[in-house]
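None of the figures in this text is laboratory data; all of them are computed from the coordinates on show. Please read these numbers as outputs of a predicted model, since none were measured by experiment. Because the Cβ atoms are built from the backbone with ideal geometry, glycine has one as well, and the counts that use them run over all protein chains shown.
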There are 2 protein chains.
Amino acid sequence: MCNLHGELLEAYDNYRNELLDAGLLLGSGVEGVYGLSGTFEGIIEAFERYVTREGAELKPEVMRFPPILNRKTYLSTDHIETMPDLMGSIHTFKGTQLEQLEMIDKKNNGEDWTVKLAPADVMMVPAACYPLYPTAANTVLPEEGRLVDLRAFVFRHEPSPDPARMQIFRQREYVRLGTPEQARSHRDYWLNKGQEMLKAIGLPVQAELANDPFFGRGGRVMAATQKEQELKFELVVPVATDKKLTAISSSNCHLDHFGKEFNIQTQDGNHAHTACIGFGLERITLALLKTHGLDPEKWPAEVKQVLDI
Amino acid sequence: MCNLHGELLEAYDNYRNELLDAGLLLGSGVEGVYGLSGTFEGIIEAFERYVTREGAELKPEVMRFPPILNRKTYLSTDHIETMPDLMGSIHTFKGTQLEQLEMIDKKNNGEDWTVKLAPADVMMVPAACYPLYPTAANTVLPEEGRLVDLRAFVFRHEPSPDPARMQIFRQREYVRLGTPEQARSHRDYWLNKGQEMLKAIGLPVQAELANDPFFGRGGRVMAATQKEQELKFELVVPVATDKKLTAISSSNCHLDHFGKEFNIQTQDGNHAHTACIGFGLERITLALLKTHGLDPEKWPAEVKQVLDI
């Protein structure tokens with residue numbers, strides 16, 4: 001284990017333990033899965049109201065999706081090709097009473113009791129915008145395109161001691177569907193606005209060119225292409241430690257990726273382009289608690305004023 | 001198909017289609033899994049603030065858990081014995097690149113591509129209070145017991161055309177941990193208060209003795225015992241149709257069931273008793289929309305006043 005790795009682990013452990021000791025996070029016994037205190041949730045709620053206020057003049061459609069989505073929708077995307085190691089597939093018991101007894105026996109003997117479970121019609125949501133696209137499938141967008149305000153829990157199977165790398169967390173997003181120009185200008189607008197918003201609450205964010213964590217060898221090529229085309233920017237900030245910056249927001253151009261997969265068209269008959277800004281609500285809260293201290297009542301007056309808390 | 005069944009199905013279809021046409025629900029292609037419009041979510045938020053106000057004088061601890069929980073916690077309960085058919089077990093891909101290609105081949109050939117997925121360390125939350133108990137495991141409660149305010153998404157694998165029977169929905173709960181008397185009086189207090197609260201927003205609820213949907217032949221005995229001991233009451237109201245009443249809230253005594261499973265003790269060294277009131281947030285919203293109409297701006301003034309919308 002190299003020194004940096006050791007230092008990082010120590011920083012993760014220290015901050016995680018501080019949060020657990022303060023009761024802001026509640027341990028579940030699984031890395032990256034926590035309960036949240038009322039104080040923690042209250043900061044998320046305040047930040048969400050801030051996002052709503054800042055986006056209000058754009059008059060977005062508001063949609064809220066649950067943490068699960070149609071298995072067919074999942075398979076309509078390329079997630080199984082690009083990030084299969086992060087997926088959550090939901091399985092259930094569809095057997096008889098006899099099969100139940102066999103399953104319980106397996107469990108009691110410490111064997112894998114899940115072997116006969118059947119896949120349900122649903123998967124965990126991998127990103128907040130995935131459930132949106134099928135609702136727009138096979139439509140032609142109005143000339144001005146569409147702007148949608150989303151929030152959802154998303155699942156990423158990546159257990160980690162870093163308190164900022166949760167297996168389940170909430171993304172608040174503004175997604176634009178439209179022409180290439182509409183999508184690109186949405187991304188650029190929010191990349192800039194997101195920085196202003198986060199700086200206004202005392203988070204010293206920087207924009208960084210980034211890539212998604214694509215799987216395997218082919219993934220390295222995809223990541224390089226994504227960077228070359230400057231499709232993904234993250235707003236990063238120190239959370240557990242100054243030694244490593246953590247993304248708390250990301251602004252992405254998807255080109256016509258989802259437009260093609262779900263046959264969403266613009267007036268000119270081309271496939272729609274999409275773009276989004278996503279705010280990682282738990283990470284932003286963790287960054288605020290690290291930057292301003294664990295007691296929001298003692299945060300700087302100007303931060304409390306912007307967040308209206 | 002008997003007449004009542006046919007009538008019910010028609011009523012479910014009618015109300016579901018009304019909600020979909022109004023854009024209040026967004027179809028996912030899977031029964032019981034919907035996106036919600038901003039209006040629908042706004043009603044949930046208003047009802048939640050109402051619950052918070054009504055519970056404030058009791059000074060509950062506030063905790064918010066995500067929709068997944070530790071697989072070990074799940075197995076510490078008897079859910080696999082009592083309601084296995086409702087479970088959601090989360091599985092993921094932990095293989096190599098070669099195994100990924102085999103999985104994708106299976107998917108492309110229309111075979112079951114999930115066969116080699118591995119169980120992750122987490123399961124879907126079956127009821128909002130399940131993640132709470134391990135956080136109190138092996139503790140002795142203070143003399144006054146504890147009162148916890150919870151909200152979580154819960155998963156129940158029961159696809160249904162009834163818009164009020166969702167596979168994933170939110171429960172808002174007040175859970176009491178304490179002596180048998182503390183638990184029982186919490187249940188009785190909220191059974192009464194819950195009725196008052198729901199009647200105050202124009203929902204003509206009735207209290208009904210009820211039982212959990214236990215699985216199999218043994219389940220029928222458990223259900224009968226639960227009823228005999230008067231452990232579970234539901235507040236029911238017409239939603240899609242007057243022909244069948246739907247539970248929108250339930251008040252439950254768990255006796256020392258969870259106290260034993262998680263070794264939570266009272267001062268006298270006995271296992272703690274627990275009790276809860278749960279509000280089904282999506283169902284309450286569906287009941288309000290059915291009772292007062294699909295446009296909350298046109299709801300009766302007294303309902304809007306109580307909900308502060």
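Helix-only mean residue ellipticity at 222 nm, chain A, DSSP H runs n ≥ 4 weighted -39,500 (n - 2.57), per residue, nearest 500. What is it?
Values: 11 runs with 121 residues, N = 309.
Result for chain A: -12000 deg cm²/dmol, rounded to the nearest 500.
Tell me the distances, shortest first, between B:Ser76 and the same position across the other copies, using label points 7 Å along Cα→Cβ, in nm to one decimal.
4.0
Once you place label points 7 Å from the Cα toward the Cβ at B:Leu209 and A:Ile104, how far apart are they in nm?
Each label point lies 7 Å from its Cα, and together they span 2.6 nm.
Residue by residue through region A:224-235, what is 3J(HN,Hα) from phi via Karplus (6.51 cos²θ - 1.76 cosθ + 1.60, θ = phi - 60°)? Round to whole Hz and write x for glycine and proline.
Running phi through 6.51 cos²θ - 1.76 cosθ + 1.60 with θ = phi - 60° gives 5, 4, 4, 5, 4, 8, 6, 8, 10, 10, 10, 9 Hz.
Excluding residues fewer than 8 places away in the same chain, name every one of the lysines whose C-alpha is closer than 30 Å to that of A:Lys193.
Hits, sequence-local ones excluded: A:Lys59, A:Lys227, A:Lys232, A:Lys243, A:Lys244, A:Lys260, A:Lys290, A:Lys298, A:Lys304.
Check cross-link reach from A:Lys116 to the lysines: straight Cα distance under 17 Å, and skip same-chain residues fewer than eight apart.
Filter leaves A:Lys94, A:Lys106, A:Lys107, B:Lys116.
Would you please name the GluC sites (Glu not before Pro) within region B:95-159 that are DSSP coil residues with at most 16 other C-beta atoms within 10 Å of their C-beta?
Details: sites: B:Glu99, B:Glu102, B:Glu111, B:Glu143, B:Glu144; in loops: B:Glu111, B:Glu143, B:Glu144.
Passing both the DSSP loop test and the Cβ count: B:Glu111, B:Glu143, B:Glu144.
Can you give me the relative contact order of chain B as a percent, contacts being Cα pairs under 8 Å and 6 or more apart? Each step should come with its number before you reach the end.
Working: 548 pairs, mean separation 63.4, N = 309.
Contact order relative to length: 21 percent.
Based only on Cα atoms, what mean projected area does the convex hull of region B:4-60 have, in nm²? If you can, show how the numbers build up before the last one.
Numbers: hull surface 23.7 nm².
Averaged projected area of region B:4-60's Cα convex hull equals 5.9 nm².
Test of the criteria: in region B:209-295, which GluC sites (Glu not before Pro) are in a DSSP loop and have at most 11 other Cβ atoms within 10 angstrom of their Cβ? Don't jump to the answer; show the numbers that get you there.
On the way: sites: B:Glu228, B:Glu230, B:Glu234, B:Glu261, B:Glu282; in loops: B:Glu230.
Passing sites in region B:209-295 are B:Glu230.
Could you tell me which of B:Phe262, B:Gln305, A:Thr96 has its Cα farthest along the dipole of the protein assembly as shown towards the positive end, charges placed at Cβ (Lys, Arg +1; Asp, Glu -1), taken about the Cα centre?
A:Thr96
Starting from the Cα of A:Asp268, step 7 Å along the direction of its Cβ; do the same at B:Gln229; then give the gap between the two resulting points in nm.
According to this spin-label approximation, the distance is 6.9 nm.
Label position 7 Å from Cα toward Cβ: report the copy-to-copy distances for B:Lys59 in nm, one decimal, ordered from shortest.
4.8
Would you mind ranking A:Ile44, A:Ile264 so that the residue whose beta carbon has the fewest other beta carbons within 10 Å leads the list? Don't skip to the end; give the middle numbers.
Working: A:Ile44 19, A:Ile264 25.
Exposure proxy ranking, most exposed first: A:Ile44, A:Ile264.
Over chain B, with a Gaussian network built from C-alpha contacts below 10 Å, which listed residue (B:Thr291, B:Thr246, B:Thr135) shows the highest mean-square fluctuation?
B:Thr135
Binned at 20 Å from 0, what are the whole-percent values of the Cα-Cα distance distribution for the protein assembly as shown, short to long?
18, 55, 26, 1
Name the long-range amide H neighbours of B:Ser249: under 5 Å, sequence gap of 5 or more, or other chain; modelled H, no Pro or chain starts.
Distant-sequence amide H within range of B:Ser249: B:Leu235, B:Gly280.
Would you pull out the residues with amide H under 5 Å of A:Lys94's amide H, same chain only if 5 or more places away, H placed 1.01 Å from N?
Those lying under 5 Å, H to H, from A:Lys94 are A:Ala118.
Most mobile of A:Gln97, A:Gln182, A:Gln226 per a Gaussian network model of chain A (Cα springs, under 10 Å)?
Result for chain A, Cα springs under 10 Å: A:Gln97 fluctuates most.
Taking the Cβ-Cβ separation of B:Thr52 and B:Ala200 as r and a Förster radius of 25 Å, what is the calculated FRET efficiency to the nearest 0.05?
Numbers: r = 15 Å, r/R0 = 0.61.
That pair, B:Thr52 with B:Ala200, gives E of 0.95.
Hey, how many Å between the Cα centroid of region A:189-241 and the Cα centroid of region A:51-70?
With region A:189-241 and region A:51-70 each reduced to a Cα centre, they are spaced 21 Å.
Rounded to the nearest 20 Debye, what is the dipole magnitude of chain B about its Cα centre when Lys and Arg each give +1 and Asp and Glu each give -1 at the C-beta?
On the way: 33 positive and 44 negative charges, 55 e Å.
Around 260 debye, computed over chain B.
Quick one: label points 7 angstrom along Cα→Cβ at A:Asn109, distances to the other copies in nm, smallest first?
Distances between equivalent label points, in nm: 3.0.
Return one quarter of the surface area of the convex hull spanned by the alpha-carbon atoms of chain A, equal to its mean projected area, in nm². Mind dumping the intermediate values first?
Working: hull surface 74.6 nm².
Average of the hull's projected areas for chain A equals 18.6 nm².
How long are the semi-axes of the ellipsoid equivalent to region B:205-309, from square roots of 5 times the Cα gyration tensor eigenvalues, in whole Å, largest first?
34, 19, 10
Find the centroid of the Cα atoms in region A:1-48 and in region B:97-120, then give the distance between the two in whole Å.
Region A:1-48 and region B:97-120 have Cα centres spaced 34 Å from each other.
With θ set to phi - 60° and the Karplus curve 6.51 cos²θ - 1.76 cosθ + 1.60, what are the ³J(HN,Hα) couplings of region A:236-241 in order, to the nearest whole Hz, using x for Gly and Pro?
Couplings: 10, 7, x, 10, 5, 7 Hz.
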